[in-house]
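Visitor: This is the structure I want to talk about, given as structure tokens.
Please treat every number below as a calculation from the coordinates, not as lab data. Nothing here was measured: the structure is a model prediction, and the numbers come from that model. Cβ atoms come from the backbone with ideal geometry, glycine included; neighbour counts cover every protein chain shown.
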Amino acid sequence: MEQRQPVRAPDLIAKKARGEKIVVLTAYDFPSATYVDQAGVDAILVGDSLGMVVLGYDTTVPVTLEDILHHTRAVCRARPRALVIADMPFLTYQVGADEAMRNAGRLIQEGGAAAVKVEGAGPVLPIVERLTAAGIPVMGHLGLTPQGVHGFGGWKIQARQKEHARKLLEDARALEAAGAFGIVLELIPAEVSAAVSQELRIPTIGIGAGPGCDGEVQIFHDLLGLYEQFRPRHAKRYAEVGSTIREALSRYAAEVRAGTFPAEENTIHQKDLEDPTSWT
Ligand code: KIV
């Protein structure tokens with residue numbers, strides 16, 4: 001029988017305790033959430049990466065709360081078993097705890113998410129405390145945090161030097177103490193992420209952080225070959241769906257031009273209307 005018990009944030013901590021790897025994937029709409037959930041992932045991230053792979057921006061910075069709300073609702077309409085984590089966009093939590101609370105509340109109440117994700121530590125820690133105290137599970141995000149791409153000067157590997165690796169570990173411990181149920185580690189050397197993972201009770205979810213994390217998150221479009229503008233080294237192409245789509249649509253265009261589509265089996269005749277069940 002199909003198991004439909006929804007995954008909750010504490011389940012991911014329990015998975016780490018059992019030594020089970022955690023699988024996270026982004027999804028941004030009803031069909032992608034349906035496929036991702038059918039693949040049996042533990043959590044779906046409605047990432048602000050949608051700004052790049054769905055909306056065509058160069059970075060995640062322009063993404064708004066309304067964008068994430070719109071896509072989170074679509075994902076939740078697929079009724080996934082996986083935990084739905086909504087990303088909090090740039091400037092929806094950094095300005096203050098009250099505003100962060102209102103915005104996170106909307107992602108949960110109106111969007112249907114069961115957790116939110118924020119980037120960074122330091123000034124973000126009291127916000128994590130405030131949200132978790134209100135019953136909103138929060139995932140952290142350290143390393144290359146894409147909302148800070150302008151400050152980093154590009155998509156650069158983080159925590160390369162010893163003192164930066166030490167700071168990353170300090171931030172990770174602080175996020176755990178503030179109540180985060182997990183932490184994404186993005187673009188950091190594998191040795192650093194493995195060491196951080198060993199130090200924490202909560203799971204680390206890597207992307208470009210090597211195999212030593214407690215789980216992995218990847219972007220739907222990167223795994224399927226649907227985002228051809230940029231091919232990150234950390235993403236493996238499991239399919240070339242972009243090429244398949246291009247080829248299928250070119251055939252469609254060619255058949256319309258040649259007059260071979262619509263064909264007889266795609267055509268409704270007057271006589272079909274007399275028996276409405278005869279044409280589907
Ligand atoms: O927005 C996103 O998809 C993310 C992942 C890169 C972790 O934050």
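Visitor: Could you tell me whether segment 248-264 includes any residue that is of a type in the set (Phe, Trp, Tyr), surrounded by 17 or more Cβ atoms within 10 Å (Cβ to Cβ), in contact with a helix residue (DSSP H, G or I) (Cβ under 6 Å, 6 or more places away or on another chain) and more than 22 Å from ALA17 (Cβ to Cβ)?
Guide: Checking segment 248-264: not a single residue is of a type in the set (Phe, Trp, Tyr), surrounded by 17 or more Cβ atoms within 10 Å (Cβ to Cβ), in contact with a helix residue (DSSP H, G or I) (Cβ under 6 Å, 6 or more places away or on another chain) and more than 22 Å from ALA17 (Cβ to Cβ).
Visitor: Which condition breaks for ALA209 when tested against (1) under 30 Å from ALA17 (Cα atoms); (2) assigned to a helix (DSSP H, G or I); (3) touching a helix residue (DSSP H, G or I) at 6+ places or on another chain (Cβ under 8 Å)?
Guide: Of the numbered conditions (1) under 30 Å from ALA17 (Cα atoms); (2) assigned to a helix (DSSP H, G or I); (3) touching a helix residue (DSSP H, G or I) at 6+ places or on another chain (Cβ under 8 Å), the odd one out for ALA209 is (2).
Visitor: If you don't mind, another one. If the Cβ limit is 6 Å and pairs must be 6+ apart or interchain, which residue in segment 30-50 that is of a type outside the set (Gly, Ala, Ser) pairs with which residue that is in a loop (DSSP other than H, G, I, E, B) and within 11 Å of the ligand (Cβ to nearest atom)?
Guide: If the second residue must be in a loop (DSSP other than H, G, I, E, B) and within 11 Å of the ligand (Cβ to nearest atom), the pairs left are VAL36/ALA27; ILE44/ALA27; ASP48/THR60; ASP48/VAL63; ASP48/PRO89; LEU50/TYR28.
Visitor: Among (1) more than 19 Å from the chain's Cα centre (by Cα); (2) under 21 Å from GLU176 (Cα atoms); (3) of a type in the set (Ser, Thr, Tyr), which single condition is TYR252 missing?
Guide: Against the list (1) more than 19 Å from the chain's Cα centre (by Cα); (2) under 21 Å from GLU176 (Cα atoms); (3) of a type in the set (Ser, Thr, Tyr), TYR252 comes up short only on (2).
Visitor: Pairs, please: C-beta under 7 Å, at least 6 apart or cross-chain, first residue closer than 21 Å to PHE220 by Cα and in segment 237-261, second in a helix (DSSP H, G or I)?
Guide: Listed pairs, sorted by first residue: ARG237/LEU223; TYR238/LEU223; TYR238/LEU224; ALA239/LEU224; VAL241/LEU224.
Visitor: Of these, GLY153, GLY143, which one is on the phi > 0 side of the Ramachandran plot and in contact (Cβ under 8 Å) with a residue 60 or more places away in the chain?
Guide: Numbers: GLY153 fails: in contact (Cβ under 8 Å) with a residue 60 or more places away in the chain.
Answer to the selection: GLY143.
Visitor: Can you spot a residue in segment 56-64 that is in contact with a Phe, Trp or Tyr (Cβ under 6 Å, 6 or more places away or on another chain), touching a residue at least 24 places away in the same chain (Cβ under 8 Å) and closer than 21 Å to ARG237 by Cα?
Guide: Within segment 56-64, none of the residues are in contact with a Phe, Trp or Tyr (Cβ under 6 Å, 6 or more places away or on another chain), touching a residue at least 24 places away in the same chain (Cβ under 8 Å) and closer than 21 Å to ARG237 by Cα.
Visitor: Please pick out the residue among GLU163, GLU170 that is surrounded by fewer than 14 Cβ atoms within 10 Å (Cβ to Cβ), more than 23 Å from the chain's Cα centre (by Cα) and under 20 Å from ASP214 (Cβ atoms).
Guide: Every option except GLU170 fails the conditions.
Visitor: Now for a different question. Answer yes if at least one residue in segment 219-232 is under 18 Å from LYS117 (Cα atoms), surrounded by 13 or more Cβ atoms within 10 Å (Cβ to Cβ) and under 17 Å from the mean Cα position of the chain (by Cα), and no otherwise. Walk me through it before giving the result.
Guide: Here is the first cut: in segment 219-232, the ones under 18 Å from LYS117 (Cα atoms) are 219-220.
Of the ones still in play, those that are also surrounded by 13 or more Cβ atoms within 10 Å (Cβ to Cβ) are 219-220.
Keeping just the survivors that are under 17 Å from the mean Cα position of the chain (by Cα) gives 219-220.
Yes, that holds for at least one residue.
Visitor: Something else about it: Among the charged types (D, E, K, R) and over 20 Å from ALA86 (Cβ atoms): which single residue out of ARG160, ARG130 fits that description?
Guide: Residue meeting the stated conditions: ARG160.
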